[in-house]
1. Please give me the summed charge of the neighbours of GLY12: other residues whose Cβ is under 12 Å from its Cβ, Lys and Arg +1, Asp and Glu -1.
2. Please report the spacing between the Cα centers of the stretch 339-378 and the stretch 75-135 in Å, no decimals.
3. Can you give the convex hull volume per residue for the Cα atoms of the stretch 236-400, as a whole number of Å³?
4. Tell me which aspartates and glutamates have Cα within less than 17 Å of LYS408's Cα, excluding those fewer than 8 residues away on the same chain?
5. For VAL343, which sequence-distant residues (separation of 5 or more, or a different chain) have an amide H within less than 5 Å of its own amide H, given hydrogens modelled in the peptide plane?
6. If one takes the longest principal axis of the Cα atoms in the chain, at what angle in degrees, from 0 to 90 and to the nearest 10, does the Cα axis of helix 196-205 lie?
7. Any chance you could give the angle, 0 to 90 degrees and rounded to 10, that helix 249-258 forms with the longest Cα principal axis of the chain?
8. Go through the stretch 374-381 residue by residue and turn each phi into a ³J(HN,Hα) via Karplus (6.51, -1.76, 1.60, θ = phi - 60°); whole Hz please, and just put x for glycine and proline.
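Nothing in this text is a laboratory measurement; each read-out follows from the coordinates by a stated rule. This structure is a prediction, so every number in the text was calculated from the model and none was measured. Quick reminder, even Gly has a Cβ in these numbers, built from the backbone with ideal geometry, and neighbours come from all protein chains shown.
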Amino acid sequence: MTKNQETIAGLGVRSILHINEKGGKFGGTEEYIISLAQLLMPMGITSHLLYDGVHGTMPDGISHTFIAGLGNRDGDAEVADRVLDAVREINPDLVYVHNIFDGRVIQALNQPDRKYLILWYIHDHFPTCLTELRARRNQPDIVCYQPLSQACLDNIAAGDCVKRHAQRNFADGDLKARISLLKSLGWVDAIVVVSEFMKEILSANLPDISEKTYVLPRQVRPSKKRIQRSTAAVPAIAWAGRITWEKGLHLAIEALCYLQVKEKIVFKIVGVVENESYWSDCLKLASQVESKNTWISIQYLGHLSYEEVDRLYGEADIVVVPSIWGEPLGAVAAEALRNGAAVVASAVGGIDTWVIPGKTGILVKPNDAAALSEAIAILLYDRELRSNLANAGRELINSKFTGEEHLKALAEVIQNCR
């Protein structure tokens, strides 16, 4: 048992209860819960999960309790009682809240006689942004920093805000419910965020919570040793993520139009299609790129497993992350660096947690295909720079964003709460 493990074990935490809308292996939140449970298991700390829906297979080593309505974005007055009953039955030392949508859940948990700590990990913009993206149309600074208020409803009605769920409309009741959820942050013992950017957003909405908001180094998924690519291999550029506007796939494809190449290049796309209309537009753009320059080949590989994505990063020379929304963290960049690829990314949100300009990668102006193309070209033809950035990026991830570092930071948060 390491010193960090001894510290955590000595804080009296023997069981952690996670609360999240989903179970299984859906995305970054679910991956984090599983990863943390696996890190704590050798220390004799048990993990439990309250959830509403299952995506994929449920992991081993975590007990699960189904809570109907927990994933209801419109709220459910009875959910809070169901959650409190489950918490009392399980009797954890720490309640770790993740993605929830009703402030009444936190209010119910904040019992005057509670012996458990309450930590809330804010993974995304749901508590502070009605549309969840913090993205504005046709704005010089595309990331919106505006605090949650009536102005948000006005901007949405005017069509200025990009919606994550295009079909959803918002009214006064939605704003009141979201503000109630946001204010419930004041009832927890500590708030955990993934980046300084996320802390800045929360503090702008609720200045009083700044002192109990902690930026924790998020552990990056371990992967196998980097694949040794042949220098004679066709240069490969990769893009991975949810196929939807805010992730900027169209910008990556458009950037290929500007490349003046006369050697074979392959551009590989991986991800789940969330917006069929958007994907159709991307395919048309890809066809135009291939017609214009026959040296460029564009491939869609579908939705891959974590292991397959890691292999993609390991084989890629460059991974592009052209996001045009306020990425809370941008885990794709970290995973690419962890596997030894060079990264070009948009200078938005928390991506600069991993991509440090000139040291571990290149950051470009968001929503600028020409700037993205220029950065790609630099890395394609400067093999030494590409290698230096990739090696420095991998060293950063391996030294500061490990499970060990995360446990150490989490222990400090728990200690401060005590």
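1. Values: positive: ARG14, LYS115, ARG418; negative: ASP93.
Local charge sum for GLY12: +2.
2. Cα centroid to Cα centroid, the span is 35 Å.
3. Details: hull volume 15.7 nm³, N = 165.
Expressed per residue, the convex hull around the Cα atoms of the stretch 236-400 is 95 Å³.
4. Within the straight-line cut-off, LYS408 pairs with GLU6.
5. VAL319, ILE362
6. Between helix and principal axis, roughly 50 degrees.
7. Approximately 20 degrees, to the nearest ten.
8. Once rounded to whole Hz, the list reads 4, 5, 4, 4, 4, 6, 5, 9.
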